[in-house]
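Visitor: Here you go, one structure.
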Amino acid sequence: MSESKPQRAVGVRDVAALAGVSRQTVSRVLNDHPDVAPETHARVVAAMEELGYRMNNAARALGTHRTRTIGVLASDALQYGPSRSMAAVEAAARAAGYWLTAAFADSGDAVSVTSAIEHLRAQAVDGLVVFAPHARTLAVLDELRIGIPTVILHAAERSAFSLDQRAGARMAVAALVDAGHTSIAHLAGPVDWLEAEARAAGFAEELAARGLPEGTVFAGDWSPRSGHEAAAALIASGVTAVFAANDQMALGLIGGLRAAGVSVPERISVVGFDDVPEAAYAWPPLTTVRQDFEELARRAVAQVIAESGSGSGSSGALMEAAMASDPIAPVLIVRDSVIPPTGR
């Protein structure tokens, strides 16, 4: 039985020969250099596909000092907002020809955050996208000199690009006031979360703008359980409407209200925030505020690429996203969990 010899990996020289171009031209195509004619670019790409060429990222980094890899640092990535953003960042990076590598850290542990950043930097990432939803995570980042392009997300107004949390909260409260409610409570997110803080601020601002008294604020922790457990206190408060800082708490609250014999929305109307997939199929379907996580991710990835200098051949749309600075507007999704207040 004869032994088969291992096949030599296809290299740039092979691609150049098949495409009828120089190795420098192949290199320019690999590095998205703008000075390559479209037909030449297409011919090189076709040769790569025919030969099964696979780019060696490590070799490329030696020649260009760029790995086309973006690092992501996250904490509490199981929460809906950060998890959706993680998926959206990966999709946006892939669409731009980049890869992600992720590290997770304990948000309250400076050593954990620092170690995660050093781990990502050791992989020669071109830049970082940091999910920093907690005030304590930002405090750690403020003390560090990261040294590579870094975009911070989920830190409300402290983010480089942000979904307008205050505006979204005001939309939610406005929907309740416009339906005729004047006794409105807020089921808030955890104290240390910057987006929870911004949503609570928006709640208070809209009530004040409408000339209504301050609403009672009840503490939650983002979980359906905390919403369910808050039901008794909300019933006792006598409110006719509740703005919950996220949909999971809103759904748990609806369950808790129903378990206590309180109908939704006939007795208490409820608005959530995020528009999780379950919101449309709850009973009643939940009125909520939708966030555009895809646009947030697109802007973050574009900014990292622009600042790292690794996107010289990037599309105009990507560069336009990098220059966008206005907060991303949320959208109110009207369903059936809000009606005018009724008699008891």
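The values are calculated or read from the model by the stated rules, or taken from the named source; none is laboratory data. Since this is a predicted model, take the numbers as computed values, not measurements. Methodologically, a virtual Cβ is constructed for each residue, glycine included, from the backbone with ideal geometry; neighbour enumeration extends over all protein chains shown. Heads up: the accessible areas ignore ligands, DNA and RNA and are worked out on the full protein's heavy atoms, side chains in. Shrake-Rupley method; radii C 1.70, N 1.55, O 1.52, S 1.80 Å.
Visitor: Collect the residues in segment 133-155 that are open to solvent by less than 10 Å² (accessible area, probe 1.4 Å) and either without any contact (Cβ under 8 Å) to a residue 60 or more places away in the chain or of a type outside the set (A, V, I, L, M) (or both), keeping them in residue-number order.
Guide: Step one: filter segment 133-155 for residues open to solvent by less than 10 Å² (accessible area, probe 1.4 Å), giving 133-134, 137-138, 151, 153-155.
Selection gives 133, 134, 137, 138, 154, 155.
Visitor: Against the condition under 24 Å from residue 88 (Cα atoms), among the basic types (Lys, Arg), open to solvent by 10 Å² or more (accessible area, probe 1.4 Å) and out of contact with any Cys (no Cβ under 9 Å at 6 or more places or on another chain), how does residue 298 come out, does it pass?
Guide: yes
So that you can scan it fast, the table gives a plain yes or no per residue for (1) assigned to a helix (DSSP H, G or I); (2) over 14 Å from the mean Cα position of the chain (by Cα):
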{"position": "78", "(1), (2)": "no, no"}
{"position": "88", "(1), (2)": "yes, no"}
{"position": "93", "(1), (2)": "yes, no"}
{"position": "115", "(1), (2)": "yes, yes"}
{"position": "129", "(1), (2)": "no, no"}
{"position": "140", "(1), (2)": "yes, yes"}
{"position": "145", "(1), (2)": "no, yes"}
{"position": "168", "(1), (2)": "yes, yes"}
{"position": "173", "(1), (2)": "yes, yes"}
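Visitor: Tell me, please, whether a residue that is within 14 Å of residue 79 (Cβ to Cβ), in contact (Cβ under 8 Å) with a residue 60 or more places away in the chain and either among the hydrophobic types (A, V, I, L, M, F, W, C) or open to solvent by less than 30 Å² (accessible area, probe 1.4 Å) (or both) can be found in segment 252-259.
Guide: Checked against the condition, which is being within 14 Å of residue 79 (Cβ to Cβ), in contact (Cβ under 8 Å) with a residue 60 or more places away in the chain and either among the hydrophobic types (A, V, I, L, M, F, W, C) or open to solvent by less than 30 Å² (accessible area, probe 1.4 Å) (or both), segment 252-259 yields no hits at all.
Visitor: In segment 192-215, how many residues are open to solvent by 20 Å² or more (accessible area, probe 1.4 Å), touching a Gly at 6+ places or on another chain (Cβ under 9 Å) and in contact (Cβ under 8 Å) with a residue 40 or more places away in the chain?
Guide: 3
Visitor: Check residue 99 against each of (1) touching a Ser or Thr at 6+ places or on another chain (Cβ under 7 Å); (2) closer than 21 Å to residue 198 by Cα; (3) open to solvent by 20 Å² or more (accessible area, probe 1.4 Å); (4) not polar (S, T, N, Q) and name the one condition it does not meet.
Guide: (2)
Visitor: What are the residues in segment 109-124 that are surrounded by 15 or more Cβ atoms within 10 Å (Cβ to Cβ) and within 29 Å of residue 221 (Cα to Cα), if any?
Guide: 109, 110, 112, 113, 114, 116, 117, listed by residue number.
Visitor: Could you please let me know if residue 191 is in a loop (DSSP other than H, G, I, E, B), closer than 24 Å to residue 224 by Cβ and aliphatic (A, V, I, L, M)?
Guide: Taking the combined requirement at face value, the residue satisfies it.
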